[in-house]
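Chemist: The structure under discussion is supplied below as structure tokens; questions concerning it will follow.
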Amino acid sequence: MSDSEDESPDRQLKFVVMGDGASGKTSLCMRYAQEQFSKQYGQTVGLDFYLKRINLQGSMNVALQVWDIGGQTLGGTMLSNYIFGAHGVLLVYDITNYSSFENLEDWYAAVKKVCGTGPMPHMALVGNKSDLEHMRTVKADKHQKFAQDHFMSSYFISAKTGDSVSLCFQKIAADILQVKLTKPEVEQHQRVVKAEYLGLNGTSSVTLQFDSVQTDGDKLERVQILPILIKIGGTVDSEPALRSAETLLSRVRASPPAYWLEKGLKPEIAFLCIGYT
């Protein structure tokens, strides 16, 4: 992936990010384009623009124009102008706010109205704040049904941690341009976390890759495991997350994941702290 302004892009794509206010649209755009996250909420008035240059398959340079649309524009006279010409539309909602999910029908209708009988842009359903899985009010099956009913691609991301953000945009761009991401490309855009664990004889570190961060589910998969202490910026994220992780810890002790065994990790002494890199 490249952000070099000296490289002439082979293609330019317009992405429009839409959804209710406070669903995390601006945080998503800033995380993707600038690798930044602000805990302070500021309402987007009208729209903001972001530019991200990426590379697909090692040879195709693509400039992504990301339009961050303010939540209050729904029903406004300018919304159709913002949507016009979009190659991709990301409908974003907050998985802890059910009304933000319900209102997606109105946002989808706004896109459909602009397109009329013509082709629709690539439509992506994006559930944000996956780091707050313990506070989820929108069940995953409702998310998937909405995506299937409206012929949308489907993503769960966390603008706060960066989990799956880059991969989400990369996959949408690849789908629009009808190119297939290589395995190295997919791995490059997966969130990498540095897990530090304390053993009886000192401290050691290991870097692991997680496709996504989840804290529930019956399966003990690599992507569903969190440490007891979840540290972002040096502070514990939330007590509910700790309780969820403690539940998982008991499961891991009973049945350690294969990749732990391969690395010789002991469930009872790992899961001590984690920091996002």
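The values are calculated or read from the model by the stated rules, or taken from the named source; none is laboratory data. Everything numeric here is computed off the predicted structure, so don't read it as measured data. Ideal geometry is used to build each Cβ from the backbone, glycine not excepted, and the neighbour counts take in all protein chains shown. Side chains included, ligands, DNA and RNA excluded: accessible areas come from the protein's heavy atoms. Shrake-Rupley method; radii C 1.70, N 1.55, O 1.52, S 1.80 Å.
Chemist: What residue, among those in the range 150-167 that are outside any helix (DSSP H, G or I) and over 25 Å from Ala110 (Cα atoms), is most open to solvent (accessible area, probe 1.4 Å)?
Modeler: Initially, the range 150-167 is screened for residues outside any helix (DSSP H, G or I), giving 150-164.
Subset that is over 25 Å from Ala110 (Cα atoms): 158, 160-164.
On the way: Ser158: 0, Lys160: 51, Thr161: 6, Gly162: 9, Asp163: 3, Ser164: 18 Å².
Top of the filtered list is Lys160.
Chemist: Name every residue in the range 51-88 that is in contact (Cβ under 8 Å) with a residue 40 or more places away in the chain, of a type in the set (A, V, I, L, M, F, W, C) and under 23 Å from Glu185 (Cβ atoms), in order of residue number.
Modeler: Those that are in contact (Cβ under 8 Å) with a residue 40 or more places away in the chain, of a type in the set (A, V, I, L, M, F, W, C) and under 23 Å from Glu185 (Cβ atoms): Ile54, Leu56, Met60, Val62, Ala63, Leu64, Val66.
Chemist: Report every pair of residues separated by at least 6 positions or lying on different chains whose Cβ atoms are under 7 Å apart, first residue within the range 16-29 and more than 24 Å from Ile176 (Cα to Cα) and open to solvent by less than 30 Å² (accessible area, probe 1.4 Å), second hydroxyl-bearing (Ser, Thr, Tyr) and not in a loop (DSSP other than H, G, I, E, B).
Modeler: Asp20/Tyr93; Asp20/Ser100; Ser23/Tyr93; Ser23/Ser100
Chemist: Right, something else. Which numbered condition trips up Ala147, out of (1) hydrophobic (A, V, I, L, M, F, W, C); (2) open to solvent by 10 Å² or more (accessible area, probe 1.4 Å); (3) over 19 Å from Asp68 (Cα atoms)?
Modeler: Against the list (1) hydrophobic (A, V, I, L, M, F, W, C); (2) open to solvent by 10 Å² or more (accessible area, probe 1.4 Å); (3) over 19 Å from Asp68 (Cα atoms), Ala147 comes up short only on (2).
Chemist: I'd like to check something: does the range 168-185 contain any residue that is modelled with pLDDT under 90 and crowded, with 20+ Cβ neighbours inside 10 Å? If you could, list the steps in order and put the result at the bottom.
Modeler: Start the filter on the range 168-185 by keeping residues that are modelled with pLDDT under 90, which leaves 181-185.
Adding the requirement that they be crowded, with 20+ Cβ neighbours inside 10 Å leaves 185.
Within the range 168-185, one or more residues are modelled with pLDDT under 90 and crowded, with 20+ Cβ neighbours inside 10 Å.
Chemist: Now for a different question. Of the numbered conditions (1) closer than 23 Å to Met78 by Cα; (2) at pLDDT 65 or above; (3) among the hydrophobic types (A, V, I, L, M, F, W, C), Val45 fails exactly one; give the number of that condition.
Modeler: Against the list (1) closer than 23 Å to Met78 by Cα; (2) at pLDDT 65 or above; (3) among the hydrophobic types (A, V, I, L, M, F, W, C), Val45 comes up short only on (2).
For (1) under 22 Å from Leu79 (Cα atoms); (2) out of contact with any Asp or Glu (no Cβ under 7 Å at 6 or more places or on another chain); (3) open to solvent by 60 Å² or more (accessible area, probe 1.4 Å); (4) touching a residue at least 40 places away in the same chain (Cβ under 8 Å), each residue gets a yes or a no:
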{"site": "Ile95", "(1), (2), (3), (4)": "no, yes, no, yes"}
{"site": "Lys112", "(1), (2), (3), (4)": "yes, yes, yes, no"}
{"site": "Cys115", "(1), (2), (3), (4)": "yes, yes, no, no"}
{"site": "Gly127", "(1), (2), (3), (4)": "yes, yes, no, no"}
{"site": "Glu133", "(1), (2), (3), (4)": "no, no, no, yes"}
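Chemist: Oh, and also: Could you check, for the range 78-89, whether at least one of its residues is buried (at least 20 other Cβ atoms within 10 Å of the Cβ) and more than 18 Å from Val66 (Cβ to Cβ)? Write out each step before concluding.
Modeler: We begin by selecting, within the range 78-89, every residue buried (at least 20 other Cβ atoms within 10 Å of the Cβ); these are 79, 82-83, 86, 88-89.
Going one step further and asking which of them are more than 18 Å from Val66 (Cβ to Cβ), we end up with none.
No, because not a single residue in the range 78-89 is buried (at least 20 other Cβ atoms within 10 Å of the Cβ) and more than 18 Å from Val66 (Cβ to Cβ).
Chemist: Mind counting the residues in the range 118-166 that are hydrophobic (A, V, I, L, M, F, W, C) and within 12 Å of the chain's Cα centre (by Cα)? Quick ask: steps written out before the conclusion?
Modeler: Going residue by residue through the range 118-166, those that are hydrophobic (A, V, I, L, M, F, W, C) are 120, 123-126, 132, 135, 138, 140, 146-147, 151-152, 156-157, 159, 165.
When the remaining residues are screened for being within 12 Å of the chain's Cα centre (by Cα), the result is 124-126, 156-157, 159, 165.
So the count comes out to 7.
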